[in-house]
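What follows is one structure encoded as structure tokens, with my remarks underneath.
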Amino acid sequence: MAHKDYYKSLGISKDASAGDIKKAYRKLALKFHPDHASGDKAKEEKFKEISEAYAVLSDADKRKKYDTYGSEGFQQHFSQEDIFRGSNIEDILREFGFGGSSFSGGRKMGGGGRRFSFNPGSMFNSGGGRQQPAAPAKGSDMEYELSLTLSDILTGTSKTLSFKNPTGGTETITVKIPKGMISGKKLRLAGRGQSSPYGGPSGDLYIKSRILDDPNFKLKEFDLYLNREIKLTDALLGTQVSVPTLDGKQLSLKIPPGTKHKSKMRLAGNGIPHMKGGGAGDLYVEIHVTMPKKLNKKQKQLIESLAGEGL
């Protein structure tokens, strides 16, 4: 929907008086009226533009709504027929000798020109029928950022929210949080946003998730990451380690011989369930091989022996 700056169309400031508005329109109407335009389509369009601007700004109530809600909101609520209803434009035009009531069916003038007179119904509605008013504008949407734990999005939960509503009061609602609502995901609560200034439907409320840090697990998309430490000899010879899951289980993970420091191993399907559809992310275990800071005499002798064997 195109933005319409009615003040700019008439070349006046936003604090212009009613007299200034009428004076500006009279001047422009005399210049751009199609009876003087010799078939110039650009001037005809300009005349339509200034006439619409005058119809709005010369009416105190319409001007107030235009100033309050802006061009887009005003146009959503007012049809062209609504805009021109009650306007005194025809009276002004008669002062210049532009009489009559038909835009498209004008008669010929003596010099061969087309007689152009003003009729908003046909001027802005080429079909000649009544233009239906636009549906009232919807209210603005609202967004609420909700902090959640990994456990919340693993199993799903319910949260009670309190927030300021558009009227300044406090509203409390209970929201069911589904599994898999990772950071950035949203829930839409229809009709719980701001009310419409024109009596239309209220906007929607969007609940946006923000996942809190966890002391043990890191989250990337739907995958979980966990660190486990093993000794140098375990990395060389291989071992079994116990791995906790977010839901409290203990899984056994086999560490093969020769595992390198910071190797990642995957436990499929033990991450966060997907919010939509089936399946879940994975649990990745990062192996940290710890190095002894000091060796006792016997350990040093064994390491030197291994070095002698080429290890």
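The values are calculated or read from the model by the stated rules, or taken from the named source; none is laboratory data. Please read all numbers here as calculations on a predicted model, not as lab measurements. In this analysis, Cβ positions are derived from the backbone assuming ideal geometry, glycine residues included, and neighbour counts consider all displayed protein chains.
Yes/no per residue for (1) of a type in the set (Lys, Arg); (2) closer than 30 Å to GLY184 by Cβ:
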site	(1), (2)
TYR225	no, yes
GLN240	no, no
LEU251	no, yes
ILE272	no, yes
LYS276	yes, yes
LYS293	yes, no
LYS300	yes, no
ALA307	no, no
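Assess whether TYR54 counts as being outside the structural domain of GLY200 (by TED's automatic domain parsing), surrounded by fewer than 19 Cβ atoms within 10 Å (Cβ to Cβ) and closer than 13 Å to ASP5 by Cα. Criteria not met by TYR54. Considering the conditions (1) more than 15 Å from ASP152 (Cβ to Cβ); (2) at pLDDT below 95, TYR225 is excluded by exactly one of them, (2).
Would you mind stating whether LEU246 is within 27 Å of LYS186 (Cβ to Cβ) and in the same structural domain as LEU187 (by TED's automatic domain parsing)?
No; evaluated as a whole, the condition is false for this residue.
Taking ALA29 as the residue in question, decide whether it is over 30 Å from SER196 (Cβ atoms) and surrounded by 17 or more Cβ atoms within 10 Å (Cβ to Cβ). Yes: the conditions hold for ALA29. In segment 174-192, the residues that are farther than 14 Å from SER147 by Cα form Cβ pairs under 7 Å with partners that are of a type in the set (Asp, Glu), at six or more places apart or across chains, as follows: ARG188/ASP204; LEU189/ASP204; ALA190/ASP204; GLY191/ASP204; ARG192/ASP204.
For segment 142-154, give me each residue that is surrounded by 12 or more Cβ atoms within 10 Å (Cβ to Cβ) and farther than 20 Å from ALA190 by Cβ. The answer is LEU148, THR149, LEU150, SER151, ASP152, ILE153, LEU154. Figure legend. Inter-residue proximity from segment 18-36: first residues in the same structural domain as ASP91 (by TED's automatic domain parsing) and farther than 18 Å from TYR6 by Cβ, second residues crowded, with 17+ Cβ neighbours inside 10 Å and at pLDDT below 90, beta-carbon distance below 7 Å, spacing 6+ or different chains. Indicated pairs: HIS33/PHE47; HIS33/PHE98; HIS33/PHE116; PRO34/GLU44; PRO34/PHE47; PRO34/PHE116; ASP35/PHE98; ASP35/PHE116. Meeting the requirement of 1 or more residues that are of a type in the set (Asp, Glu), the strands (runs of 3 or more DSSP E) wholly within segment 208-311 are 223-231, 283-290. Just for segment 270-279: of the residues that are touching a strand residue (DSSP E or B) at 6+ places or on another chain (Cβ under 6 Å) and without any contact (Cβ under 8 Å) to a residue 60 or more places away in the chain, which one is surrounded by the fewest Cβ atoms within 10 Å (Cβ to Cβ)? Among them, the one singled out is ASN270. For the condition loosely packed, with under 15 Cβ neighbours inside 10 Å and out of contact with any helix residue (DSSP H, G or I) (no Cβ under 8 Å at 6 or more places or on another chain), LEU267 does not qualify.
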